[in-house]
1. Looking only at segment 56-77, count how many residues are of a type in the set (S, T, N, Q) and at pLDDT below 95.
2. Applying the selection to segment 23-40, what residues are within 16 Å of Asn322 (Cα to Cα) and out of contact with any Gly (no Cβ under 7 Å at 6 or more places or on another chain)?
3. Looking at segment 80-137 only, could you name the residues that are open to solvent by 10 Å² or more (accessible area, probe 1.4 Å), modelled with pLDDT of 90 or more and among the hydroxyl-bearing types (Ser, Thr, Tyr)?
4. Could you check Arg48 against (1) touching a Phe, Trp or Tyr at 6+ places or on another chain (Cβ under 9 Å); (2) at pLDDT 90 or above; (3) surrounded by 16 or more Cβ atoms within 10 Å (Cβ to Cβ) and say which number it fails?
5. Exactly one condition in (1) in the same structural domain as Thr495 (by the TED database); (2) at pLDDT 95 or above is false for Arg389; which is it?
6. Under 8 Å by Cβ, and 6 or more places apart or on different chains, what pairs join a residue from segment 386-406 that is in contact (Cβ under 8 Å) with a residue 40 or more places away in the chain with one that is open to solvent by 40 Å² or more (accessible area, probe 1.4 Å) and part of a helix (DSSP H, G or I)?
7. I'd like the full set of residues that are open to solvent by 90 Å² or more (accessible area, probe 1.4 Å), under 19 Å from Ser356 (Cα atoms) and charged (D, E, K, R), limited to segment 204-247.
8. Identify all residues within segment 317-338 that are of a type in the set (Gly, Ala, Ser), under 14 Å from Phe268 (Cα atoms) and touching a residue at least 60 places away in the same chain (Cβ under 8 Å); write none if there are none.
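The values are calculated or read from the model by the stated rules, or taken from the named source; none is laboratory data. What you see is a predicted model, and the numbers here were worked out from it, not measured in a lab. Using ideal geometry, Cβ is built from the backbone for each residue, glycine included, and neighbour counts are taken over all protein chains shown. When the accessible area is computed, the model is the full protein with side chains, heavy atoms only, and any ligands, DNA or RNA have been set aside. Shrake-Rupley method; radii C 1.70, N 1.55, O 1.52, S 1.80 Å.
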Amino acid sequence: MPRWRALPTGSDRIDCAPPYSFFSNVVERYFKAETNQSPLLRICAVARQQGATELVVEDVVSRPDVAHEITALDRRCGGGGEAEAVAFSFLRNPSEGSIVVDLSRAQMIAHVVLINYKAKHHSRFTHSYVYEAILPPPKRPYGNRSFDFPQTLVLPTKHFECSVLGQIFTVKGILYCQQNDTLHVCAHSCLRMAIGSSQHSPSRISADRINHLLGIKEKVDFLGSGQIAQVINASGMKAAVRTDLKPDQYLAELASLIDSGYLAMLGFTTKGGVGHVVTAFGHSRRADQWHPQAMHAYSGPRSARYLPSSSWIDHFFIHDDNLGPYLSLSARSFAKNPQMQLSCVIGLLPRPAIGSNQAETIAASLLRSLPPLPEVEGENFWMRYMAKRSEAPTLRSVLVSKTEYIDHLKRAKAHDQSRADRATLAALEGLDESFWMVEFSLPTLYTGNRSKLGEVLISSTDYAGESGSVLGLRLPGRFLSVKEGDVYMWRSSLTSHSAIYEHRGATRKAA
């Protein structure tokens, strides 16, 4: 039996009421401590805007994972405390005006577990926090922003099973967790969110398990990037840690990880040098952004070797354990506030990789120094255009497997209706099992057609200098392969610009 005492709460209790008259009072009724209420308020708002009409409240203090969480918290607070835990199930009930929720017809909108804890010898609750919440990405506008505006990418959501009065519902979403500032802090919450939501992770991880892996036995204020990486690696994935980058490179690195289909954690400092981290899983691009090309056109000589595709990203989609789930973070946020400085990007990958910034630098250097190919330039419009090298290319790096790359080229259909033939595809079988595919395009092609001219393939596991890291180069009408320092070239039947790569399973809303 646990050493903490479970407070009496109603079990299998159903509360039914219109959302505006009831959901706004959920926090006041169930959030017991004077701590951060913002996440639960945010969850109620998102559920309401997605059409939730009913709320089922259940006692879940004996649920094994919840009981384990409370036991660990009680141990950290000295033992002998009291606790309660309630699960909120937000439902869309098609039977309007019904006194009882018809679970056989209801649709699950969100499932939330709230823990209230009172340390020993305290007359008031000391902790109230969202242990976990599962809700799908919003599809309705909220505030002045929506997940439905053009060119939005949200990573594949995971299926979670949730029990409501003994009936199982499946909810697709990105797991959300809030810190309690005693057993766990923001980094613990983000690790739980990212690992629990990753398509490559077999199971979730608890905050107590994280502390056990790191040997933490006392209250902790923060986790360093090395500790975060240690937990990710122990979960069966590989941590791609990027620190000491230039300020404008962190978000480019984050964009590449998301474009590759992986969740990531973005770290930054706040006022007083305190660190914070959020979980990122999507972004939005605006083709009409002015600054990517204008800054180079109007600010002086063109010194940029290339334009990163992330320049057109205007927002990233994040979970912030302090503020709530499914928030939109402006890509200019950190440029506007000198007290907030980006410090790291940590990706959760199934395999190790060099950084995307490094891959793009290699690709840009190769494209600038590419020798003339006269036998091709005379027969291909885009090769002739590239030979002029009159403008910096737009580069977009995506970490792919050989199978994903070949499948991508199989599906590709160029603007002139040409496609990759069997001979071209067969020649790609000798590539590495995974690599960075750095797509190159021109600003007008990228923003107007979401298309590219080709790819530079860069090793993702070993950096062997700029030339030694290149695995291949696909140009309009040609493919160059590099093996053990030797360059092989053959004709490619894909002769014009084609669509950029999109991770399969991701949700994209394009104009």
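1. 1
2. Listed by number, the residues that qualify are Val27, Phe31, Ala33, Glu34, Thr35, Asn36, Gln37, Leu40.
3. Residues satisfying the conditions are Ser123, Thr126, Tyr131.
4. Unmet condition: (2).
5. (2)
6. Ala392/His296
7. Lys238, Asp244, Lys246
8. Ala331, Ala335
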